Amino acid sequence: MAKRVGFRLTDAEHRAYLAKVEASGMSASEFFRDCVLTNRTRIVARQPLSNDKKRVLLVVNKSGNNLNQIAHVLNAARLDSSASESTYLAALDALESIELLLKAHLQNVA
């Protein structure tokens with residue numbers, strides 16, 4: 001029994017893929033199998049991330065989560081009219097902390 005393989009492409013990548021499929025005269029499945037199984041593709045291995053870059057990625061991801069939480073609190077406060085100066089000052093303090101954290105980690109990464 002055949003197994004299904006799927007992958008995601010951006011709109012631009014999808015257009016380029018379909019153009020190559022059409023030029024080949026094959027179906028999309030035939031084209032993919034032919035390219036991959038006959039090794040007519042060039043695989044470029046990604047370099048592993050350094051420990052510094054892994055650490056920065058972790059910090060950036062955590063910061064993104066914190067930014068989303070701050071935005072959620074501010075939007076909720078705005079919608080229910082409970083936003084006060086102290087709410088905005090607390091949010092500003094949190095944003096400044098995130099900025100300092102990011103700057104501290106990013107300056108040491110090559």
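What to note about this one:
- Contour minus Cα-Cα distance for S97 and R78 (0.36 nm per residue): 4.6 nm
- Whole-Hz couplings from phi, Karplus 6.51/-1.76/1.60, listed for segment 50-56; x for Gly and Pro: 6, 4, 4, 5, 4, 5, 5
- Here r is the Cβ-Cβ distance between L67 and A2 and R0 is 41 Å; the resulting FRET efficiency, rounded to 0.05, is 0.40.
- Summing charges over all other residues whose Cβ lies under 12 Å from the Cβ of N61, with Lys and Arg as +1 and Asp and Glu as -1, gives +3.
- Test item: Cα-centred dipole of the chain, Lys/Arg +1 and Asp/Glu -1 on Cβ, debye: 780
- Selection among A71, A19, H105 by position relative to the dipole of the chain gives A19 as farthest towards the positive end (Cβ unit charges, Cα centre).
- Rounded to whole Hz, the Karplus (6.51, -1.76, 1.60) HN-Hα couplings of segment 6-11, x for glycine and proline: x, 7, 9, 9, 6, 4
- Mean projected area (nm²) of the alpha-carbon convex hull when segment 51-106 is viewed from all directions: 3.5
- Computed over the chain, the P(r) tail beyond 18 angstrom holds 71 percent of alpha carbon pairs.
- Furthest towards positive pole of dipole, F7, L58, A94, structure part the chain, Cβ charges: F7
Bear in mind these aren't lab numbers, they're just calculated from the coordinates by the rules spelled out. Everything quoted here is computed from the prediction, not taken from an experiment. Backbone-built Cβ (ideal geometry, glycine too); neighbour counts: all protein chains shown.
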